[in-house]
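Just below is one structure, and these are the notes that go with it.
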Amino acid sequence: MQDKSHYTRYNYKKLYELAVEMFIRYGFSREDSEKVADVILTSDRFGVESHGVNRLTLYPFGIDIGRIKVDAKPEVVEDRLSMAVIDAHDGMGQLAGIQGMQLAIDKAKKYGVGMVSVRNSNHFGIAGYYSMMAAKQGLMGVSMTNAEALVVPTYAREPMFGTNPIAVTIPADPHPFHMDFATSVMTCGKMEVYAKIGHELQPGMLVDETGTTCLDPNVFLRIRDNKSNPAYTEKTRGGIMPMGGEGMLFGGHKGYGLALLVDIMCAVMSHGAVSKGVRVTKDKEKCCHFFAAIDYSLFGDREETNRRLSEYLQSMRDAEPAEGQSRVYVHGDKEADAEKDVLAHGVGINPATYAEIEKYCVKKGINIKDYLIPEEA
């Protein structure tokens, strides 16, 4: 269990307002700033610290170095019945992601299924935000994205693909079935959080430049940050292991296969860059996404399907817990619990992340204390 005793809780609404203000000052319209802020803060609401305000400074940095083009407009370049391809033209990943999933939703309502791939985009936050968009409109949602190659295939030490998450959301009671996971043992953002708070890794999660298992998350930061250093060739970089960990004993080859599937659906199908082509130059991200929306009422009565799914999920929750455990969770339960907690008590931010955000606030003339207001204990 991660120790958060040194975190301070801050008011959620004011934190959202800070994110909106920051993106406005970076040149986005209020409407687009609110969209981006909603994706970022939804991650915190769902208890996913790695992709919430921890990532708030990633996007201003990307704008500053020219990686993210503020004035870019996503363009639909292929559009055939239930399928489409969008070129994001190096714009904000959240904006391309929202447009891509909304187009998939519109097609699903017309054709029963909608599938949209996006190329030449940027980091889009949590994949689950977009699959949840479909569920809110009564559809099954699927969302994927590739990412910078920082994960090594089974039996390799050269990073070949990204953390490549998959998210699936389906309407149910009391809340949707919501599955959102990286195909690696850990996300890059969580590695960053672990490094900030001095949390050690477990064996089989990370290999260093020689391919040897290591427990220090700072080694990952070194591998990532020295990507362009001539002293670190592509074949000696090391990286995160696929979901299942090192080797095949606990299914590492399965995580490897899922990561490849994500790259195929996101990049190969959109004619964009696979993970090895993402963020290889300072001013280009080039990551790709995939979205699908499915009108499952075509299988049979929607209400009956929802009832059956809800009962099935409840049977999982009612299963006898293992020794020492208080309950059995279904995908989406922890997010629902976290959301109630955050809206009532605020978002926890560690001192290192606070300092990072403050630096960008100072740069843009924002008084951070007007927004980051501690909640009462």
Within the chain, what is the longest stretch that has no chymotrypsin sites (Phe, Trp or Tyr not before Pro) placed in a DSSP loop and near at most 15 other beta-carbon atoms within 10 Å?
-> 1-154
Please name whichever of H199, Y7, P74 sits farthest to the positive end of the charge dipole of the chain, dipole taken about the Cα centre and charges placed at Cβ: Lys and Arg +1, Asp and Glu -1.
-> P74
For n ≥ 4 DSSP H runs only, could you compute -39500 (n - 2.57) per run for the chain, divide by its residues and tell me the 222 nm figure to the nearest 500?
-> -11500 deg cm²/dmol
Computed for the chain: size of charge dipole around the Cα centre, +1 on C-beta of each Lys and Arg, -1 on C-beta of each Asp and Glu, debye to nearest 20, value 840
Within straight-line cross-link reach of K284, lysines at Cα separation under 27 Å, skipping those fewer than 8 residues along the same chain = K35, K69, K73, K190, K196, K227, K235, K276, K359, K363, K364
Build a GNM of the chain with springs between Cα atoms under 10 Å: which of V362, V116, V274 gets the top mean-square fluctuation?
-> V362
Comparing S326, S50, S184 in a Gaussian network model of the chain (Cα, 10 Å), the one with the largest mean-square fluctuation is S326
Listed residues G125, G365, G162, most fluctuating in the chain (Gaussian network, C-alpha, under 10 Å) | G365
Å³ per residue of the Cα convex hull, for the chain?
-> 144
Kirkwood hydrodynamic radius over Cα pairs of region 310-360, then Stokes diffusion coefficient at 20 °C and 1.002 mPa s, in µm²/s | 154
Relative contact order computed over the chain (Cα-Cα under 8 Å; 6+ residues apart), in percent | 23
What does the charge add up to near G112, with Lys and Arg as +1, Asp and Glu as -1, over the other residues with Cβ less than 14 Å from its Cβ?
-> +2
Of the candidates V274, M248, T183, the farthest towards the positive dipole end of region 178-330 (Lys/Arg Cβ +1, Asp/Glu Cβ -1, centred on the Cα centre) is V274
Apply 1/(1 + (r/R0)^6) to the Cβ-Cβ distance of D106 and E323, taking R0 = 56 Å, and write down the FRET efficiency to the nearest 0.05.
-> 0.70
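List the longest stretch of the chain that has no exposed loop site; here a site is one of the GluC sites (Glu not before Pro) assigned by DSSP to anything other than H, G, I, E or B, with at most 16 other Cβ within 10 Å.
Value returned for the longest uninterrupted segment is 1-199.
Every number in this text was worked out from the coordinates using simple rules, so none of it is lab data. Just so we're clear, the structure is a prediction, and the values are computed from it rather than from any experiment. Virtual Cβ from ideal backbone geometry, glycine too; neighbours counted across all protein chains shown.
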